[in-house]
Amino acid sequence: MARFSDCPQIMRDFLSYHETIKGQSAKTIQEYYLDLRMFLRFMALVKRELPYDTDLETIDIKSLDLAFIESISVSDIFDFLSYLANDRTSEKSPDPGIGAAARARKLSAVKSFYKYLMHTKQLTENPVQDLEFPKLRKSLPRYLTLEQCTALLRAVNGPNAKRDYAILMLFLNCGIRRAELVGLNLTDVYEDRIRVVGKGNKERVVYMGAACKAAIDAYLPERNKIVLSDNRALFGSRDKNRISVTAVHRLVKKHMLAAGLDASQFSAHKLRHTAATLMLSHGVDVKTVQEVLGHENLNTTQIYTHIESTELKIAAEANPLSKLKK
(Lines give C-alpha, C1' and ligand atoms only; values in the text may rest on other atoms or scores of the structure.)
Protein backbone atom coordinates (compact mmCIF):
# COMPACT_ATOMS: atom_id res chain seq x y z
CA MET A 1 0.00 0.00 0.00
CA ALA A 2 3.04 2.30 -0.22
CA ARG A 3 1.68 3.52 -3.57
CA PHE A 4 -1.28 5.03 -1.69
CA SER A 5 0.86 6.88 0.84
CA ASP A 6 -0.89 10.21 0.13
CA CYS A 7 -4.16 8.81 1.53
CA PRO A 8 -5.40 8.40 5.11
CA GLN A 9 -5.04 5.02 6.84
CA ILE A 10 -8.78 4.41 6.82
CA MET A 11 -8.82 4.65 3.02
CA ARG A 12 -5.70 2.48 2.66
CA ASP A 13 -7.42 -0.18 4.78
CA PHE A 14 -10.41 -0.05 2.42
CA LEU A 15 -8.19 -0.47 -0.64
CA SER A 16 -6.30 -3.33 1.00
CA TYR A 17 -9.60 -5.04 1.87
CA HIS A 18 -10.81 -4.91 -1.74
CA GLU A 19 -7.44 -6.03 -3.07
CA THR A 20 -6.75 -8.92 -0.69
CA ILE A 21 -10.17 -10.04 0.57
CA LYS A 22 -12.52 -9.14 -2.28
CA GLY A 23 -9.92 -9.98 -4.95
CA GLN A 24 -10.64 -6.88 -7.04
CA SER A 25 -8.43 -6.24 -10.07
CA ALA A 26 -5.57 -3.72 -10.01
CA LYS A 27 -7.56 -1.48 -12.37
CA THR A 28 -10.57 -1.42 -10.02
CA ILE A 29 -8.34 -0.65 -7.02
CA GLN A 30 -6.73 2.21 -8.93
CA GLU A 31 -10.14 3.65 -9.84
CA TYR A 32 -11.28 3.42 -6.20
CA TYR A 33 -8.08 5.17 -5.15
CA LEU A 34 -8.45 8.08 -7.58
CA ASP A 35 -12.18 8.57 -7.00
CA LEU A 36 -12.04 8.37 -3.19
CA ARG A 37 -8.98 10.59 -3.02
CA MET A 38 -10.88 13.25 -4.96
CA PHE A 39 -13.92 12.78 -2.71
CA LEU A 40 -11.94 13.15 0.51
CA ARG A 41 -9.98 16.12 -0.82
CA PHE A 42 -13.24 17.87 -1.65
CA MET A 43 -14.64 17.01 1.79
CA ALA A 44 -11.49 18.48 3.38
CA LEU A 45 -11.99 21.63 1.30
CA VAL A 46 -15.58 21.94 2.56
CA LYS A 47 -14.90 21.07 6.21
CA ARG A 48 -11.83 23.30 6.47
CA GLU A 49 -13.71 26.12 4.73
CA LEU A 50 -10.99 26.59 2.15
CA PRO A 51 -11.60 28.85 -0.89
CA TYR A 52 -13.82 26.97 -3.36
CA ASP A 53 -11.33 27.45 -6.20
CA THR A 54 -8.52 25.74 -4.23
CA ASP A 55 -6.77 23.15 -6.37
CA LEU A 56 -7.81 19.77 -4.95
CA GLU A 57 -4.39 18.34 -5.83
CA THR A 58 -2.81 20.59 -3.19
CA ILE A 59 -5.02 19.42 -0.30
CA ASP A 60 -3.35 17.02 2.15
CA ILE A 61 -5.74 14.32 3.41
CA LYS A 62 -3.30 11.91 5.13
CA SER A 63 -4.42 12.94 8.62
CA LEU A 64 -8.15 12.36 8.03
CA ASP A 65 -9.63 9.82 10.45
CA LEU A 66 -12.90 8.06 11.26
CA ALA A 67 -14.19 11.09 13.18
CA PHE A 68 -13.80 13.16 10.01
CA ILE A 69 -15.68 10.55 7.97
CA GLU A 70 -18.49 10.54 10.55
CA SER A 71 -18.80 14.31 10.21
CA ILE A 72 -19.67 14.06 6.49
CA SER A 73 -23.38 14.60 5.93
CA VAL A 74 -25.69 13.82 3.03
CA SER A 75 -25.67 17.53 2.27
CA ASP A 76 -21.87 17.46 1.95
CA ILE A 77 -22.12 14.58 -0.50
CA PHE A 78 -24.69 16.47 -2.56
CA ASP A 79 -22.19 19.35 -2.67
CA PHE A 80 -19.58 16.92 -4.02
CA LEU A 81 -21.96 15.66 -6.72
CA SER A 82 -22.82 19.25 -7.62
CA TYR A 83 -19.12 20.05 -7.90
CA LEU A 84 -18.66 17.10 -10.27
CA ALA A 85 -21.64 18.12 -12.40
CA ASN A 86 -20.88 21.84 -12.63
CA ASP A 87 -17.27 22.66 -11.77
CA ARG A 88 -14.99 19.65 -12.19
CA THR A 89 -12.93 19.90 -15.36
CA SER A 90 -11.93 17.05 -17.65
CA GLU A 91 -9.11 16.64 -20.16
CA LYS A 92 -11.68 15.45 -22.71
CA SER A 93 -13.70 18.66 -22.66
CA PRO A 94 -12.89 22.33 -22.05
CA ASP A 95 -16.32 22.85 -20.49
CA PRO A 96 -16.70 22.51 -16.70
CA GLY A 97 -18.59 19.55 -15.33
CA ILE A 98 -18.21 15.84 -16.06
CA GLY A 99 -20.76 13.45 -17.54
CA ALA A 100 -23.33 11.35 -15.73
CA ALA A 101 -21.41 8.11 -16.29
CA ALA A 102 -18.24 9.52 -14.69
CA ARG A 103 -20.25 10.93 -11.77
CA ALA A 104 -21.96 7.56 -11.30
CA ARG A 105 -18.59 5.80 -11.12
CA LYS A 106 -17.33 8.18 -8.44
CA LEU A 107 -20.53 7.81 -6.44
CA SER A 108 -20.18 4.04 -6.74
CA ALA A 109 -16.70 4.28 -5.18
CA VAL A 110 -18.06 6.41 -2.33
CA LYS A 111 -20.90 3.93 -1.76
CA SER A 112 -18.43 1.03 -1.67
CA PHE A 113 -16.31 2.92 0.87
CA TYR A 114 -19.25 3.49 3.20
CA LYS A 115 -20.48 -0.07 2.73
CA TYR A 116 -17.05 -1.29 3.86
CA LEU A 117 -17.15 0.99 6.93
CA MET A 118 -20.59 -0.36 7.84
CA HIS A 119 -19.51 -3.97 7.23
CA THR A 120 -16.48 -3.55 9.49
CA LYS A 121 -18.70 -1.86 12.11
CA GLN A 122 -16.71 1.38 12.06
CA LEU A 123 -19.87 3.36 11.26
CA THR A 124 -23.44 2.93 12.47
CA GLU A 125 -25.06 5.16 9.82
CA ASN A 126 -24.59 5.16 6.05
CA PRO A 127 -25.39 8.58 4.53
CA VAL A 128 -25.20 7.31 0.93
CA GLN A 129 -27.19 4.09 1.31
CA ASP A 130 -30.33 5.46 -0.35
CA LEU A 131 -28.62 7.96 -2.62
CA GLU A 132 -29.64 7.47 -6.26
CA PHE A 133 -27.15 7.31 -9.10
CA PRO A 134 -27.20 10.01 -11.81
CA LYS A 135 -29.61 9.08 -14.57
CA LEU A 136 -27.72 7.73 -17.57
CA ARG A 137 -28.81 8.04 -21.16
CA LYS A 138 -29.50 4.57 -22.51
CA SER A 139 -28.01 4.09 -25.94
CA LEU A 140 -27.80 0.95 -28.03
CA PRO A 141 -24.27 -0.33 -28.63
CA ARG A 142 -22.78 0.07 -32.10
CA TYR A 143 -21.90 -3.11 -33.95
CA LEU A 144 -20.70 -4.34 -37.33
CA THR A 145 -22.92 -6.20 -39.75
CA LEU A 146 -21.91 -9.65 -40.93
CA GLU A 147 -20.81 -8.11 -44.25
CA GLN A 148 -18.67 -5.53 -42.46
CA CYS A 149 -17.08 -8.27 -40.32
CA THR A 150 -16.18 -10.20 -43.45
CA ALA A 151 -14.69 -7.08 -45.05
CA LEU A 152 -12.65 -6.37 -41.90
CA LEU A 153 -11.19 -9.88 -41.76
CA ARG A 154 -10.38 -9.90 -45.47
CA ALA A 155 -8.56 -6.57 -45.15
CA VAL A 156 -5.98 -7.94 -42.69
CA ASN A 157 -2.46 -8.00 -44.13
CA GLY A 158 1.08 -6.94 -43.29
CA PRO A 159 3.94 -8.47 -41.27
CA ASN A 160 1.70 -9.34 -38.31
CA ALA A 161 -1.25 -10.55 -40.38
CA LYS A 162 -1.63 -13.93 -38.65
CA ARG A 163 -1.46 -12.37 -35.20
CA ASP A 164 -3.90 -9.58 -36.05
CA TYR A 165 -6.31 -11.95 -37.79
CA ALA A 166 -6.33 -14.22 -34.72
CA ILE A 167 -6.98 -11.21 -32.45
CA LEU A 168 -9.89 -10.00 -34.57
CA MET A 169 -11.36 -13.50 -34.68
CA LEU A 170 -11.22 -13.76 -30.88
CA PHE A 171 -13.07 -10.46 -30.55
CA LEU A 172 -15.69 -11.30 -33.17
CA ASN A 173 -16.12 -14.98 -32.34
CA CYS A 174 -15.66 -15.09 -28.57
CA GLY A 175 -16.69 -11.57 -27.56
CA ILE A 176 -13.84 -11.14 -25.07
CA ARG A 177 -12.82 -7.78 -23.67
CA ARG A 178 -9.67 -5.99 -24.80
CA ALA A 179 -8.02 -6.36 -21.37
CA GLU A 180 -8.95 -10.05 -21.35
CA LEU A 181 -7.26 -10.55 -24.71
CA VAL A 182 -4.11 -8.76 -23.57
CA GLY A 183 -3.98 -11.02 -20.51
CA LEU A 184 -4.22 -14.29 -22.45
CA ASN A 185 -1.30 -16.70 -22.02
CA LEU A 186 -0.21 -19.57 -24.23
CA THR A 187 -1.41 -21.98 -21.53
CA ASP A 188 -4.91 -20.47 -21.74
CA VAL A 189 -5.43 -21.96 -25.21
CA TYR A 190 -6.86 -25.47 -25.28
CA GLU A 191 -8.06 -27.68 -28.12
CA ASP A 192 -11.27 -25.80 -28.87
CA ARG A 193 -11.55 -23.24 -26.08
CA ILE A 194 -9.75 -20.49 -24.20
CA ARG A 195 -9.54 -19.70 -20.50
CA VAL A 196 -10.34 -16.06 -19.87
CA VAL A 197 -9.76 -14.01 -16.70
CA GLY A 198 -12.42 -11.31 -16.64
CA LYS A 199 -13.47 -8.49 -14.34
CA GLY A 200 -12.90 -9.16 -10.67
CA ASN A 201 -10.40 -11.91 -11.59
CA LYS A 202 -13.29 -14.20 -12.44
CA GLU A 203 -12.37 -17.04 -14.75
CA ARG A 204 -14.54 -18.47 -17.51
CA VAL A 205 -14.08 -20.84 -20.42
CA VAL A 206 -15.09 -19.63 -23.89
CA TYR A 207 -15.34 -22.02 -26.79
CA MET A 208 -13.90 -21.03 -30.17
CA GLY A 209 -15.70 -21.61 -33.45
CA ALA A 210 -13.94 -23.60 -36.17
CA ALA A 211 -12.74 -20.47 -38.01
CA CYS A 212 -11.43 -18.90 -34.80
CA LYS A 213 -9.60 -22.09 -33.84
CA ALA A 214 -8.08 -22.25 -37.33
CA ALA A 215 -6.86 -18.65 -36.94
CA ILE A 216 -5.23 -19.43 -33.58
CA ASP A 217 -3.68 -22.64 -34.97
CA ALA A 218 -2.23 -20.70 -37.92
CA TYR A 219 -0.74 -18.08 -35.57
CA LEU A 220 0.78 -20.36 -32.90
CA PRO A 221 3.76 -21.64 -34.99
CA GLU A 222 4.68 -18.00 -35.64
CA ARG A 223 4.30 -17.11 -31.96
CA ASN A 224 6.44 -20.05 -30.84
CA LYS A 225 9.38 -18.69 -32.83
CA ILE A 226 9.37 -15.47 -30.81
CA VAL A 227 10.85 -14.92 -27.33
CA LEU A 228 9.05 -12.20 -25.36
CA SER A 229 10.00 -10.44 -22.13
CA ASP A 230 6.95 -12.16 -20.66
CA ASN A 231 7.14 -15.38 -22.62
CA ARG A 232 3.85 -16.62 -21.19
CA ALA A 233 1.91 -14.11 -23.32
CA LEU A 234 -0.16 -15.39 -26.21
CA PHE A 235 0.22 -12.15 -28.16
CA GLY A 236 3.40 -10.10 -28.37
CA SER A 237 4.33 -6.70 -29.75
CA ARG A 238 7.13 -5.42 -31.99
CA ASP A 239 9.27 -4.54 -28.96
CA LYS A 240 9.07 -8.18 -27.77
CA ASN A 241 6.76 -7.42 -24.84
CA ARG A 242 3.25 -8.64 -24.10
CA ILE A 243 0.92 -6.77 -26.43
CA SER A 244 -0.63 -3.71 -24.78
CA VAL A 245 -4.21 -2.44 -24.70
CA THR A 246 -3.06 0.59 -26.71
CA ALA A 247 -1.42 -1.59 -29.38
CA VAL A 248 -4.61 -3.63 -29.75
CA HIS A 249 -6.59 -0.42 -30.14
CA ARG A 250 -4.22 0.76 -32.89
CA LEU A 251 -4.28 -2.48 -34.85
CA VAL A 252 -8.09 -2.61 -34.79
CA LYS A 253 -8.26 0.97 -36.10
CA LYS A 254 -5.66 0.18 -38.77
CA HIS A 255 -7.59 -2.76 -40.19
CA MET A 256 -10.89 -0.88 -39.91
CA LEU A 257 -9.49 1.83 -42.17
CA ALA A 258 -8.08 -0.78 -44.57
CA ALA A 259 -11.57 -2.32 -44.82
CA GLY A 260 -13.11 1.05 -45.65
CA LEU A 261 -14.94 1.26 -42.31
CA ASP A 262 -15.32 4.39 -40.19
CA ALA A 263 -12.64 3.82 -37.57
CA SER A 264 -14.01 6.69 -35.45
CA GLN A 265 -17.27 4.80 -34.95
CA PHE A 266 -15.87 1.37 -34.09
CA SER A 267 -13.32 0.04 -31.61
CA ALA A 268 -12.18 -3.24 -30.08
CA HIS A 269 -15.07 -2.99 -27.63
CA LYS A 270 -17.50 -2.58 -30.54
CA LEU A 271 -16.25 -5.92 -31.86
CA ARG A 272 -17.37 -7.44 -28.56
CA HIS A 273 -20.79 -5.83 -29.13
CA THR A 274 -20.76 -7.32 -32.60
CA ALA A 275 -20.09 -10.84 -31.30
CA ALA A 276 -23.01 -10.57 -28.87
CA THR A 277 -25.36 -9.21 -31.52
CA LEU A 278 -24.46 -11.87 -34.08
CA MET A 279 -24.95 -14.65 -31.52
CA LEU A 280 -28.38 -13.40 -30.48
CA SER A 281 -29.54 -12.72 -34.04
CA HIS A 282 -28.59 -16.27 -35.04
CA GLY A 283 -30.53 -18.08 -32.34
CA VAL A 284 -28.29 -18.18 -29.26
CA ASP A 285 -30.33 -17.59 -26.10
CA VAL A 286 -29.53 -14.56 -23.97
CA LYS A 287 -28.48 -16.63 -20.91
CA THR A 288 -25.80 -18.41 -22.94
CA VAL A 289 -24.58 -15.10 -24.37
CA GLN A 290 -24.35 -13.78 -20.81
CA GLU A 291 -22.02 -16.65 -19.89
CA VAL A 292 -19.90 -16.19 -23.02
CA LEU A 293 -19.45 -12.45 -22.38
CA GLY A 294 -18.85 -12.89 -18.65
CA HIS A 295 -21.63 -10.50 -17.62
CA GLU A 296 -22.48 -10.77 -13.93
CA ASN A 297 -25.96 -9.34 -14.47
CA LEU A 298 -28.34 -10.57 -17.15
CA ASN A 299 -29.66 -7.03 -17.61
CA THR A 300 -26.28 -6.04 -19.06
CA THR A 301 -26.64 -8.70 -21.75
CA GLN A 302 -30.27 -7.92 -22.51
CA ILE A 303 -29.40 -4.59 -24.11
CA TYR A 304 -28.32 -6.57 -27.17
CA THR A 305 -31.78 -8.11 -27.50
CA HIS A 306 -33.08 -4.68 -28.56
CA ILE A 307 -30.78 -4.59 -31.58
CA GLU A 308 -31.87 -7.69 -33.45
CA SER A 309 -35.43 -8.69 -32.65
CA THR A 310 -37.31 -10.90 -35.06
CA GLU A 311 -40.51 -10.31 -33.11
CA LEU A 312 -40.25 -6.55 -33.57
CA LYS A 313 -39.67 -6.99 -37.31
CA ILE A 314 -42.72 -9.25 -37.56
CA ALA A 315 -44.77 -6.66 -35.64
CA ALA A 316 -43.69 -3.93 -38.06
CA GLU A 317 -44.67 -6.03 -41.07
CA ALA A 318 -48.03 -6.87 -39.46
CA ASN A 319 -48.99 -3.22 -39.41
CA PRO A 320 -51.42 -2.78 -42.36
CA LEU A 321 -49.67 0.43 -43.37
CA SER A 322 -46.45 -1.50 -44.01
CA LYS A 323 -47.94 -2.70 -47.33
CA LEU A 324 -49.09 0.73 -48.40
CA LYS A 325 -47.80 1.79 -51.81
CA LYS A 326 -47.52 5.39 -52.88
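The values are calculated or read from the model by the stated rules, or taken from the named source; none is laboratory data. Source: prediction; values computed, not measured. Glycine gets a Cβ as well: all are built from the backbone with ideal geometry, and neighbour counts include every protein chain shown. To get the accessible areas, we keep the full protein, side chains included, count just its heavy atoms, and leave off ligands, DNA and RNA. Shrake-Rupley method; radii C 1.70, N 1.55, O 1.52, S 1.80 Å.
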Net lengthening on full extension, Leu257/Val74 (0.36 nm per residue, minus Cα-Cα):
60.9 nm
Amide H partners (placed H, <5 Å) of Gly236, local residues excluded
Ile243
In the set (1) 41, 28, 19; (2) 40, 21, 18; (3) 35, 25, 18, which value of semi-axes √(5λ) of the Cα gyration tensor in Å was calculated from the structure you see?
(1)
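Using a 1.4 Å probe on the protein heavy atoms, what percent of the accessible area of the chain belongs to carbon and sulfur?
Values: 9660 of 18580 Å².
Heavy-atom surface of the chain belonging to carbon and sulfur, 1.4 Å probe: 52 percent.
Starting from 0.36 nm per residue, how many nanometres of slack lie between Arg154 and Thr246 once their C-alpha separation is accounted for? All intermediate terms of the calculation are to be shown ahead of the outcome.
On the way: separation 92, 0.36 × 92 = 33.12 nm, distance 2.27 nm.
Taking Arg154 through Thr246 to full extension adds about 30.8 nm, to one decimal.
Give, to the nearest whole percent, the P(r) tail of region 1-135 beyond 18 angstrom, counting all Cα pairs. Don't jump to the answer; show the numbers that get you there.
Numbers: 4932 of 9045 pairs.
Result: 55 percent of Cα pairs exceed 18 Å.
Heavy-atom accessible area per residue, region 128-189, 1.4 Å probe: how many Å²?
Values: 3450 Å² over 62 residues.
Value for region 128-189: 56 Å² per residue.
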Between the modelled labels at Ser5 and Ser108 (7 Å from Cα along Cα→Cβ) the distance in nm is 3.1
Relative contact order in percent for the chain (Cα pairs under 8 Å, 6+ apart) equals 14
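Enter the mean projected area of the convex hull around the alpha-carbon atoms of region 157-255, in nm², rounded to one decimal. Provide the component values of the computation, followed by the final result.
Values: hull surface 23.7 nm².
Averaged projected hull area, Cα only: 5.9 nm².
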Which distance in nm do the two modelled labels at Leu66 and His282 give, with both placed 7 Å along the Cα-to-Cβ direction?
5.7
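Would you mind getting the accessible area per residue of region 1-56, heavy atoms of the protein chains only, 1.4 Å probe, in Å²?
Numbers: 2780 Å² over 56 residues.
That works out to 50 Å² for each residue.
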Karplus couplings for region 261-267 from phi (6.51 cos²θ - 1.76 cosθ + 1.60, θ = phi - 60°), rounded to Hz, Gly and Pro as x?
9, 6, 5, 6, 9, 10, 8
Sort out for me the Cα centre separation of region 186-209 from region 1-43, rounded to whole Å.
29
Candidates Gly209, Gly175, Gly283: whichever shows maximal mean-square fluctuation once the chain is modelled as a Gaussian network with Cα springs under 10 Å:
Gly283
What distance in nm separates the two pseudo spin-label positions at Lys225 and Arg195, each 7 Å out from Cα along the beta-carbon direction?
2.9
All other residues with a Cβ under 10 Å from the Cβ of Glu203 taken together, and with Lys, Arg as +1 and Asp, Glu as -1, what is their net charge?
+2
Rounded to the nearest 10 Å², what accessible area does Arg12 have for a 1.4 Å probe in the complete protein model?
50
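Please compute the net charge surrounding Asn231, taking Lys and Arg as +1 and Asp and Glu as -1 over other residues with Cβ under 11 Å from its Cβ. Write out the running numbers ahead of the final one.
On the way: positive: Arg223, Arg232, Lys240, Arg242; negative: Asp230.
Counting the neighbours of Asn231, the net charge comes to +3.
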Out of His249, His282, His269, any idea which swings most in a Gaussian network model of the chain, alpha carbons joined below 10 Å?
His282
